[in-house]
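Comments concern the structure below.
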Amino acid sequence: MANTNTDLTEEDAADLQFPKETDFTSLSKPPALINVSHRNVVLGHCSNCFNELVLRYIFCEKCSLNICLDCFANGAEFGEHENNHEYRVLKIDFLLFNNSDWTAEEELKLIDSLLYYGNWGLVALDFPNKSVNEIKDHYEYFYLNGNGSKNMPVFKKDLVLPETIVPYRFQLTDSEDPPRYAYNTVGYQSVAGYNPPRGDFENEYDKNAEDLVASLEPIDTDHPCYEILTNLQYAVAQNYNNRLRERHRRKMVIAQHGLLVLRKTLSWLHRYDLTITRPVYEKFMRFMHSCEPTKFEMLMEGMHRAGELKVQIERLFALRRIGITTLPEGRMYIKLHQMHQENRKKLKLFRSKPIFNWRANKNASFDLSSKFTKKKPLSTPLDIIGLPGFDKLTEKEKEICSSVRLVPATYLELKELLVAENIKVGHVKLQKARSMLKIDVNKTRKLYDFLVAEAYIKK
């Protein structure tokens, strides 16, 4: 075991107080950058105590070892290293790339922030003297384009990306005509009186428009007011043409957006029940008048996709609340949770068999004490993330909906009924709540107690 000399020479002390200006390019074998933490720039580990090397450390020229300042100050000797070997004090305030004013410390900080945040706006907060565009241009030029070093990985510039296929409800160019229902049938009424053979409606929009021109008569050129009457008839005819154009426009909206086939329209709208929700997409249906079919489809599909992403973000929040911070941990938790639910179902099915029920088994020759009473099995909490009305709930309301197994939209309706009754009468009795809600009595009791505890209603 090597002896440790704790005495420092004046030269060593001077080097620690005024370190030599050294960069990695002058080393015969520069140390590798091993790890990068979020707050401190970690340049590796000490070869003696294995602590992280931060900002400044000692590099032994003879042994090519990294030594932290504490071990160097104590004169540590280990392996073939002795405290009288030549050394250099290394730091990271040198320029790493040519034609760049970024230091090595800033480069490490950039990589660290990108790995931690993954967002340019948040990365820019760590660089108050640089804009977002400057940071993005620097990363693209030196890292993505490989101008920083020839050892950088090369990316193909001409990437062939697959074409994004938007799941439209049908091909708008060749929409199908509705079936030719018999007169005075339910199907005939469902298409609003549309007659496929004629391509027209039985009751036209603004069906009294023809009354404008029905009473017009030719005017004699010798009439003293010929010019005035002609202009008046021209204005009436122009008004009639405007009303015909509006009628034709409404027909085109119905035909191009595929609204004639009621069944297909309803099934298309039900697709957005969980993401856009019914009150929202019913309001957006008004924009059909001012949007082309393809653009309106893109609008609805974009909102649908945004709703799906919102549900996924809510699930990530739920995982974060229980301490899961990485995607692999989340996948593992979801997989184990599914296995747990399946095993609970199997166990419940196993216990339901009469052969394993000691109460129903007549051959059972053992007695159990009354303290081993059968407890009512707890129901599995309902996964309400992404269901309609989820974003309108508070944290406590989310817990009660999940435990009672109530859909958020249903909970909001029941809550509105009880709150309205409380405003009307001044209080709500449990018996009155059961007659109003008409759901399971146990769920009613839990919901009633929750609303009383949260001061939504009074007993």
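Read-outs throughout are calculated quantities, based only on the coordinates presented, and are distinct from any laboratory measurement. Bear in mind that the values here come from a model prediction, so they are computed numbers and not experimental data. Every residue, glycine as well, gets a Cβ built from its backbone with ideal geometry; the counts of neighbours run over all protein chains shown.
Tabulated data for the structure shown
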{"quantity": "Segment 295-354: mean projected area of Cα convex hull, nm²", "calculated": "6.5"}
{"quantity": "Cα-centred dipole magnitude for segment 267-327, charges only on beta-carbon of K, R (+1) and D, E (-1), debye, nearest 20", "calculated": "260"}
{"quantity": "Cross-link pairs beyond the 25 Å C-alpha cut-off, checked among LYS353/LYS446; LYS207/LYS295; LYS109/LYS130", "calculated": "LYS353/LYS446; LYS207/LYS295"}
{"quantity": "Vicinal HN-Hα couplings computed from phi for segment 291-304 (Karplus, 6.51 cos²θ - 1.76 cosθ + 1.60; Hz; Gly/Pro x)", "calculated": "10, 6, x, 5, 5, 5, 5, 5, 4, 5, 5, x, 5, 5"}
{"quantity": "For segment 259-329 and segment 68-110, distance of Cα centres in Å", "calculated": "54"}
{"quantity": "Mean Cα-pair separation over length for segment 373-459, i.e. relative contact order, pairs under 8 Å, 6 or more apart, %", "calculated": "24"}
{"quantity": "Filter on LYS264/LYS345; LYS310/LYS396; LYS310/LYS459; LYS283/LYS310 - keep pairs with C-alpha separation over 28 Å", "calculated": "LYS264/LYS345; LYS310/LYS459"}
